[in-house]
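First the structure, then my questions, so here it is.
Read-outs throughout are calculated quantities, based only on the coordinates presented, and are distinct from any laboratory measurement. Being a predicted model, the structure only gives us computed values, none of them experimental. Because the Cβ atoms are built from the backbone with ideal geometry, glycine has one as well, and the counts that use them run over all protein chains shown.
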Amino acid sequence: MSTSSTALRTHLCGELRPDHIGERVALCGWVARRREHGEHLAFIDLRDHTGIVQCVVDGGADLRSEFVVRITGTVRHRPEGTVNDALATGGVEVGECDVEVLSAAEPPPFPLDERAPDVDETIRLRHRYLDLRRDEMQRNLRTRAKVNSAIRSAMDGQGFVEIETPMLIASTPEGARDFVVPARTRPGSFYALPQSPQLFKQLCMVGGVDRYYQIARCFRDEDLRADRQFEFTQLDAEMSFADQEDVLAAISGAVDSVVEAVTGGRLGDVPRMTWHDAMDRYGSDKPDTRFGLELVELTDLFAATGFNAFKAPCIKGVRHPGAAADTTRSRLDDLTDSAKRWGAKGLVWMRVEQGDDGATVLNSPVAKFLSPEELDGIVTRLGAEPGDLCYLVADDWHAVCHVLGLLRLELARPPVDASDLHFLWVVDFPLFESVDEATGRPVPAHHPFTMPHAEDLGLLDGSPEQLLKVRSQAYDLVLNGWELGSGSVRVHDPAVQRRIFELLGISPEDAQERFGFLLDAFRFGAPPHAGFAFGIDRLVALLLGEENIREVIAFPKTQSGGDPLTGAPAEIDPAQLEELGLRLLPRST
RNA sequence: GGUCCCGUGGUGAAGUCAGGAGUUCACGCCGGCCUGUCAAGCCGGAGGUCGCGGGUUCAAAUCCCGUCGGGACCGCCA
């Protein structure tokens, strides 16, 4: 069946070309623009999802913006000198038009053209059905559909089976805050919406599925961001009898298909970096490797320093080449404030200048507290040259990396750019991200079913310091500083699982209570398995050069979680509450 | 939980720092003119509780407090 012709139309607006000249066509669409020249002539730009074509109405036309019309006419050459190269259809026009109004329309509340991105986003969202008519949004929706399609064929081709897992599941206290749904049939009980299909996909492995995937909607009740919505979509996958390499290869295959479908290019070999390197050099577990400004280790230079602020377990620096001239003092003060908000005790900045004797000197409020050797060391280690600005932070390793990592982004992060894609696997995540000072227990970096590195298993019985050295078989996919997704090899050995639960302070009773169904399943023969999930909203946004995933979601929510179109979230009828056995607390003021 | 920015006819902006008549610009809208335009053009017109509430002041879009809405970020997101 043709994708163009229907009962009401023979062609789509954007597909008319000189090849069609002479054909009598019927087009349907919206009046994008009209140029009326009195009662004798009018130009109507007719728009559908494929584009715009100019229709010439002799005798004028009483149409308004966004009227839905059916225009029947003849495709013809544009007269000499009136070809419009800005339009794909600009070589032709539709003449001898009969116009039938299918729906009249009120004037749109905002311009549906290239000016729309400047419009208050609330207004766009309140009238999202109008926003979606725009080229850019049509492109985004269709690219997203193409991505889903590419993912499905890539996963199908690799032997993965698409399985739908439930949306109404039991809440587990780990991870993000759950969205919760009251259970009418069991008052006082609640379902939760899945943060991910994690446990179900592992059950699929026990169920002999071998390779599972799902384009899965996930829900997390945490604060929203440019790259985070309450509900988002992941490619979720799991493989049996597989290790990390198998998973990376399979996911790379899917991402490669996506990149090819969207850009025509190929993914190529995705570089890898250990988590420790990522933190050490970029101050982030999702480093944006499109630009330099790497963190430079300086700790040893200050082993015997007299400067109290630098008597710290870790000191690192960042060099911002050539930034001295256009970085004002007030900007430096702002950066210092930011660094403090990010958790630093302070931020040391140094302007690199050329001294009278030609030597490189550091101009900084703290320079007088540092020895010549220390200053020389900074210059040498950072490779500082006159005109540069250098920033130093002293604290423990985590804090230094974190603050300089954020500073690095603040100083030099390039805008989203679809033509400059730096994919990166971050591997060897630690099993535990920290040790809780109050309880002395390690805090898991991933979920508690993450398999440690085989050679680090012995450290599980060691000191807290040794525990923090345990690497896990967990890995993230990063693109231009956005975490696209993560995965791990799962624990399938009951002894290892018991030990990890024990370390985390999860008693056998707790474990049974929370994940009993999974542990039970594992008792009946669990294959070694590993998996991954990546966020499709984020991937599509970055591939399209969008700074915000709302641009690739048909009906997204605002930062406060509202939908200006439907008014969600909304109060519900007291009768509904009654039926659910719920009563509202008085609002706190 | 926190930091910062924004809110002015339907839309986008200027005006706010430094208080003085709802002032201005562009688009859109309505009417008129117009036979080759393409963000058509020309002429005329309508349209605003300056988000909301309170305070200061002779006087508030402008200053102060609060609040609502939007955005970016930190925390949070196993």
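Based on the Kirkwood radius over alpha-carbon pairs, what is the Stokes-Einstein translational diffusion coefficient of the range A:18-70 at 20 °C with 1.002 mPa s viscosity, in µm²/s?
Translational D for this selection: 186 µm²/s.
Another question, then. Would you calculate the convex hull of the Cα atoms in the range A:443-571 and tell me its volume per residue in Å³?
189 Å³
Now, a different point. Report the Cα-based extents of the range A:217-312 along its three principal axes, largest first, to the nearest Å.
Projected onto its principal axes, the Cα set of the range A:217-312 covers 57, 34, 33 Å.
Among A:Ile251, A:Ser240, A:Ile215, flag the residue with its Cα farthest along the positive direction of the charge dipole of the range A:206-255, charges on Cβ as +1 for Lys/Arg and -1 for Asp/Glu.
Working it through, the farthest residue towards the positive pole turns out to be A:Ile215.
When A:Asp62, A:Asp563, A:Asp456 are ordered from fewest to most other Cβ atoms inside 10 Å of their Cβ, what list results?
By the 10 Å Cβ count, ascending, the order reads A:Asp62, A:Asp563, A:Asp456.
Now a separate question. Enumerate the residues in the range A:376-390 having an amide nitrogen under 11 Å from the point lying 7 Å beyond the Cα of A:Gln354 toward its Cβ.
Zone members listed by number: A:386-387.
Another question about this same structure. What ranking of A:Lys557, A:Lys316 emerges when the number of other C-beta atoms within 10 Å of each C-beta is taken as an exposure proxy, fewest first?
Going from least to most buried by this count: A:Lys557, A:Lys316.
Just to be sure I understand: if I project the alpha-carbon convex hull of the range A:549-589 onto a plane and average over all orientations, what area do I get in nm²?
Across all orientations, the range A:549-589 yields a mean hull projection of 4.5 nm².
Any idea what log10 I(q)/I(0) is at q = 0.06, 0.07 Å⁻¹ for chain A, Debye with uniform C-alpha scatterers and no solvent?
Here the Debye-derived log intensity ratios amount to -0.45, -0.60.
Can you compute the charge dipole magnitude of the range A:242-322 about its Cα centre, using +1 on each Lys and Arg Cβ and -1 on each Asp and Glu Cβ, nothing else charged? Give it in debye, rounded to the nearest 20.
Using only the charged Cβ atoms, the result is roughly 520 debye.
Sort largest first and round to whole Å: the equivalent ellipsoid semi-axes of the range A:459-500, each the square root of five times a Cα gyration tensor eigenvalue.
Three semi-axes, in Å: 26, 15, 5.
A follow-up question, please. I need the calculated FRET efficiency for the pair A:Ala145 and A:Lys311, taking r as the beta carbon distance and R₀ as 45 Å, to the nearest 0.05.
For R0 = 45 Å, the calculated efficiency reads 0.20.
Ok, one more. Using alpha carbons only, how many angstrom separate the centre of the range A:389-425 from the centre of the range A:278-354?
10 Å
Any idea what the dipole of chain A comes to, in debye rounded to 20, about its Cα centre with Lys/Arg Cβ at +1 and Asp/Glu Cβ at -1?
Dipole size: approximately 880 debye.
Also, I was wondering about something else. If you split all Cα-Cα distances of the range A:13-103 into 5 Å bins from zero, what percentages do you get per bin, shortest first?
Answer for the range A:13-103: a P(r) of 3, 16, 28, 29, 17, 6, 0 percent.
Per DSSP H run of n ≥ 4, the term is -39500 (n - 2.57); total these for chain A, divide by its residue number, and report the mean residue ellipticity at 222 nm rounded to 500 deg cm²/dmol.
Value at 222 nm, helices only: -8000 deg cm²/dmol.
Give the order of A:Glu509, A:Glu121 when sorted by the count of other beta carbons within 10 angstrom, beginning with the fewest.
By the 10 Å Cβ count, ascending: A:Glu509, A:Glu121.
Hey, another quick one. Using only the Cα atoms, what convex hull volume per residue in Å³ does the range A:291-412 have?
Given the Cα convex hull of the range A:291-412, per-residue volume reads 95 Å³.
Would you mind computing the Rg to Rh ratio of the range A:322-386 from its alpha-carbon coordinates, Kirkwood style for Rh?
0.99
Hey, another quick one. What's the center-to-center distance, using Cα atoms, between the range A:79-123 and the range A:173-220 in Å?
After rounding, the separation between the Cα centres reads 45 Å.
Note down the magnitude of the dipole of the range A:414-556 about its Cα centre, charges +1 on Lys and Arg C-beta and -1 on Asp and Glu C-beta and zero elsewhere, to the nearest 20 debye.
420 debye
Moving to a separate point now. Quick one: which of A:Lys340/A:Lys557; A:Lys345/A:Lys368; A:Lys201/A:Lys557; A:Lys316/A:Lys469; A:Lys286/A:Lys316; A:Lys286/A:Lys311 span more than 25 angstrom between C-alpha atoms?
A:Lys340/A:Lys557; A:Lys201/A:Lys557; A:Lys286/A:Lys311
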